[in-house]
Amino acid sequence: MTTIILKLVRLFYNEKVEDACTRLLYFFNTLNSFFIFSGLASLTFLVWYLKLTDVYLNPIALLTMFVSLIAFFIILRIADFYPTFILFNLPAFILLISYAGGSIALQSLIPNIIIFALIQAIFMGVPDSIVGRNLGIIPKKFLWSLITIAPTTVSFLISVYFSLHLTLLLYVSQIPKSPTINLALWGLILLAGLLTYAVRPRNKYSKNFRVPHHGAQYKRVILLAIDGCRYDVFRTLKLPNLEKLASEGARFKNGLETIYRALTNPGFASLMTGCPPEVHGIRDNNFGQEIRVEGLPDITPTKIYGSMHMKHFAKKEWEVKVISLPTHSIYHSDDEMMKLLKEDLLRDSKTRLFVTDFSEADFLGHAYGSTSEDYKNAIIRIDRRIGEFVEWLKLNNLAEDTALIVTSDHGTSEIDHSYKIRPGEKYVPCILWGKHLKKGYVYEERYSIMDIPCNIAYLLGIPYPNKARGRVFLEAFANIDAEAEKTKWVADMNNAFYSAFSNDYIEEHPEIYEGDGQWWSHQFHRLLSGPLKDKKINILDFGAGAGFVGQTFQGLHQLQDRVQDFVVYDSNKEILETAKSYLKKGYFRFESSFETIEKNEKYFDIIAINSVLHHFYDPKTILERLKKLLKPGGIFIGAHEPNKRFFRNRIAALLASLFKRLGGGKTFDDQKLETMNHYLSNLYGQKLHYSKEEIFQIAEFHSPIEQSQYGVDREIGFDSNVLENEFYKDFEVLELKSYTSFFHRKNLKKFPVVQKILERLFHSLFKSGNLLSYVVRSV
């Protein structure tokens with residue numbers, strides 16, 4: 001039987017036929033199209049069987065059912081067909097069955113099951129049997145589908161549930177019922193959709209160290225993607241060639257996290273663009289979608305190799321070489337791919353990025369299970385192919401100028417993937433190899449596959465794709481001082497940020513000027529009439545910004561004769577000019593060079609640091625430099641630093657996140673964004689573009705509340721222990737407390753009643769505040 005099918009394949013096959021067939025297969029096997037086909041087909045059977053054509057095939061009934069179908073589809077798109085919808089929707093489903101009746105529910109279930117079995121066999125089992133050269137795949141796939149959870153016909157439960165739900169929903173649409181019941185039914189379904197939307201996975205970017213490049217590190221990069229390679233299985237196998245690559249380069253101990261949804265087309269689109277499906281536009285493997293942002297092949301000459309999947313996710317103008325799985329079989333297609341790759345490497349000196357998709361492991365995982373010996377042996381064979389390829393590169397004098405990245409688009413659980421419910425589908429391996437990498441470097445942290453294109457761009461010395469987000473793995477490079485690079489990057493981002501805000505900083509930050517002013521006035525009065533009385537003092541306002549601390553002191557008329565030298569320092573010259581326009585007293589001296597200030601050791605009686613430390617990559621190192629400038633018995637005054645302990649409170653984090661979602665978070669207009677990107681592009685002499693979220697994330701480096709557009713990072717910030725026992729461990733603590741200036745934020749000032757309500761609510765819920773202030777003395 002298999003031989004006959006193969007002869008037919010060879011007789012009628014061409015790439016256009018395979019293209020059309022593959023699209024047809026995914027149309028019937030992808031849930032968002034399958035459930036409509038199966039649900040409508042089952043309803044048609046039910047109407048015919050029960051002889052209800054007069055009831056269901058009149059114009060009003062058809063219109064009602066069409067509206068119901070569209071409404072249900074929209075709700076499911078909101079829920080993204082995520083499995084928790086089944087749980088949240090249980091009340092609506094029970095109500096649906098009670099209206100339809102148990103007999104109708106059963107009669108609807110049977111055709112949906114039959115259609116599922118036929119679709120799976122015809123549009124998945126038979127093609128897989130051809131590619132795998134084994135008709136036994138058909139029954140095995142059906143048995144596996146009984147326990148698999150995925151939005152395809154590889155999952156019996158998910159496929160039949162949604163198609164049955166549609167059949168019943170359309171059936172009861174023609175049963176007379178009160179408007180209240182109808183409203184309750186749709187209200188429950190909508191609620192289930194919204195709850196599912198709230199809990200389904202979100203794509204998270206790695207923290208932005210997408211630093212400007214320093215020119216090309218390599219002539220070419222080869223991305224060796226092992227399709228469907230789950231990291232938990234990968235790490236248990238003996239893979240001598242990949243282990244050797246890891247020992248000569250860098251690896252990720254806990255793998256990388258794939259995107260949601262964890263599917264081939266969205267995954268590869270993310271590997272080319274550096275952004276998630278909701279941004280690049282490829283949400284699943286179905287047709288009718290295209291990449292709508294810039295990808296690496298739009299920037300540098302690229303060749304892509306693999307199965308028909310590669311052609312379907314790619315833009316039309318990208319160069320894709322398709323290896324036919326039906327023609328070569330799954331056991332030889334990867335060898336054919338490597339043959340093509342080698343030929344191109346020898347004759348093509350212009351292409352700089354080569355992207356391969358090893359199909360064997362993914363296919364055998366779908367066919368036999370992702371913990372089967374077939375799947376494991378496929379990964380072992382891929383290891384051998386990669387090992388042979390590396391030796392070939394060396395033999396042909398190509399290894400010196402080549403960087404290799406070994407990773408995957410997604411993992412697998414049972415025989416499918418998508419929902420990221422289990423670790424098997426969430427995490428994939430990653431190995432970096434090339435001459436500039438530290439040997440045996442290991443990343444303990446877990447990052448994202450969306451970081452891969454950022455690293456490819458960095459390695460090739462080309463611009464990042466315009467919507468790429470993520471980090472460059474600087475720590476793995478032997479020829480780069482990663483800490484110095486990150487320190488400089490955070491400082492440069494802050495300079496870009498404050499240059500854009502130099503003219504309206506005061507207006508934009510009432511939470512500092514109104515929220516902190518009284519406390520600073522009190523501290524100056526207290527210190528100059530206490531520990532520092534009867535002497536002329538020198539003050540350093542470090543990171544002065546628009547001169548808030550100086551303005552506060554300038555307003556304390558009875559203390560004006562107590563200051564000898566008041567140095568106002570900020571590295572940003574533009575915002576320092578703003579400070580000059582407000583600080584008119586003769587004792588003010590303005591500096592933009594910290595190195596100049598450092599020449600005066602043990603000079604200052606007071607060093608003021610307001611809303612500064614969290615802007616530095618390494619605040620501890622900055623403080624060590626500042627301590628050398630302080631006189632014995634001198635005092636640090638600091639405030640407006642983020643209190644990590646406050647955000648460890650889940651209620652506080654939840655309310656902060658909700659406040660941001662309601663529009664209360666910090667933001668700025670597009671003109672300022674353009675100004676910042678223009679500043680950075682000029683500074684580094686290359687095209688750079690960063691989003692508002694990325695800029696906040698780096699400029700407010702240690703701020704829990706500015707790390708994402710809507711969320712709160714509960715793991716960063718400072719707490720009293722850090723300040724007392726790390727930053728100022730040799731100092732006497734005169735005051736250390738938490739507080740909030742939240743109610744003075746610009747977007748709340750317009751609503752004084754809301755301001756008061758939120759203030760009372762805040763103090764009734766929390767004993768501490770989201771900010772820290774302190775006064776410490778050198779001993």
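Each residue in region 577-622 was checked for being touching a residue at least 60 places away in the same chain (Cβ under 8 Å), of a type in the set (Asp, Glu) and either surrounded by fewer than 20 Cβ atoms within 10 Å (Cβ to Cβ) or not assigned by TED's automatic domain parsing to the domain that holds Gln697 (or both), and 2 pass. In the set Phe636, Phe659, Phe646, only one residue is at pLDDT 95 or above and more than 17 Å from Phe566 (Cβ to Cβ); that residue is Phe646. Checked against (1) out of contact with any Ser or Thr (no Cβ under 7 Å at 6 or more places or on another chain); (2) surrounded by fewer than 22 Cβ atoms within 10 Å (Cβ to Cβ); (3) not basic (Lys, Arg), Thr552 passes all but a single condition, namely (1).
Go through region 297-335 and report how many residues are assigned to a helix (DSSP H, G or I) and within 24 Å of Leu24 (Cβ to Cβ). Looking only at that region, the number is 11.
Assuming Asn254 fulfils every condition listed in (1) farther than 25 Å from Asp383 by Cβ; (2) outside any helix (DSSP H, G or I); (3) modelled with pLDDT of 95 or more apart from one, which condition is it? All conditions pass for Asn254, except number (1).
Whether a residue is buried (at least 18 other Cβ atoms within 10 Å of the Cβ), modelled with pLDDT of 95 or more, more than 26 Å from Asn134 (Cα to Cα) and β-branched (Val, Ile, Thr) was assessed, and Ile282 passes this test. Taken over region 164-180, residues that are in contact (Cβ under 8 Å) with a residue 12 or more places away in the chain and surrounded by fewer than 16 Cβ atoms within 10 Å (Cβ to Cβ) amount to 2. Among the residues of region 330-357, the ones that are touching a residue at least 40 places away in the same chain (Cβ under 8 Å) and over 21 Å from Lys394 (Cα atoms) come to 3 in all. Among the residues examined, Tyr161 does not qualify as in contact with a helix residue (DSSP H, G or I) (Cβ under 9 Å, 6 or more places away or on another chain), surrounded by 17 or more Cβ atoms within 10 Å (Cβ to Cβ), over 28 Å from Tyr260 (Cα atoms) and not assigned by TED's automatic domain parsing to the domain that holds Thr264.
Okay, residues lined up against (1) under 29 Å from the mean Cα position of the chain (by Cα); (2) not charged (D, E, K, R):
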{"residue": "Asp335", "(1), (2)": "no, no"}
{"residue": "Asp344", "(1), (2)": "no, no"}
{"residue": "Arg352", "(1), (2)": "yes, no"}
{"residue": "Ser359", "(1), (2)": "yes, yes"}
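Scanning region 242-269 for residues that are polar (S, T, N, Q) and more than 15 Å from Ala225 (Cα to Cα) gives Ser247, Asn254.
The set of residues from region 447-499 being farther than 24 Å from Lys253 by Cα and without any contact (Cβ under 8 Å) to a residue 60 or more places away in the chain comprises Ala484, Lys488. When the helices (runs of 4 or more DSSP H) confined to region 31-124 are screened for residues that are within 23 Å of Leu263 (Cα to Cα), those reaching at least 3 such residues are found at 31-49, 59-79, 84-88, 102-120. Tell me yes or no: at least one residue of region 183-205 is in contact with a strand residue (DSSP E or B) (Cβ under 9 Å, 6 or more places away or on another chain) and of a type outside the set (Phe, Trp, Tyr). Taking every residue of region 183-205 in turn, at least one turns out to be in contact with a strand residue (DSSP E or B) (Cβ under 9 Å, 6 or more places away or on another chain) and of a type outside the set (Phe, Trp, Tyr).
Does region 116-129 include one or more residues that are assigned by TED's automatic domain parsing to the domain that holds Cys21 and in contact with a Pro (Cβ under 6 Å, 6 or more places away or on another chain)?
Looking for residues that are assigned by TED's automatic domain parsing to the domain that holds Cys21 and in contact with a Pro (Cβ under 6 Å, 6 or more places away or on another chain), one finds none in region 116-129, hence no.
If you go through region 463-522 and keep only what is part of a loop (DSSP other than H, G, I, E, B), basic (Lys, Arg) and either surrounded by fewer than 22 Cβ atoms within 10 Å (Cβ to Cβ) or assigned by TED's automatic domain parsing to the domain that holds Thr578 (or both), you end up with just Lys467. In region 81-90 there is no residue that is within 15 Å of Leu46 (Cβ to Cβ) and in contact with a Ser or Thr (Cβ under 8 Å, 6 or more places away or on another chain). Figure legend. Inter-residue proximity from region 662-674: first residues over 11 Å from Phe501 (Cα atoms) and in contact (Cβ under 8 Å) with a residue 12 or more places away in the chain, second residues of a type outside the set (Phe, Trp, Tyr) and part of a loop (DSSP other than H, G, I, E, B), beta-carbon distance below 9 Å, spacing 6+ or different chains. Indicated pairs: Gly664/Arg745; Gly665/Gln709; Lys666/Glu700; Lys666/Arg745; Thr667/Gln709. Scanning region 194-230 for residues that are farther than 17 Å from Pro453 by Cα, in contact (Cβ under 8 Å) with a residue 40 or more places away in the chain and under 19 Å from the mean Cα position of the chain (by Cα) yields a total of 5.
Scanning region 162-179 for residues that are of a type in the set (Val, Ile, Thr), assigned to a helix (DSSP H, G or I) and within 35 Å of the chain's Cα centre (by Cα) turns up nothing.
The values are calculated or read from the model by the stated rules, or taken from the named source; none is laboratory data. Computed from a predicted structure; not experimentally measured. Here Cβ is always computed from backbone atoms with ideal geometry, including for glycine, and neighbour counts include all displayed protein chains.
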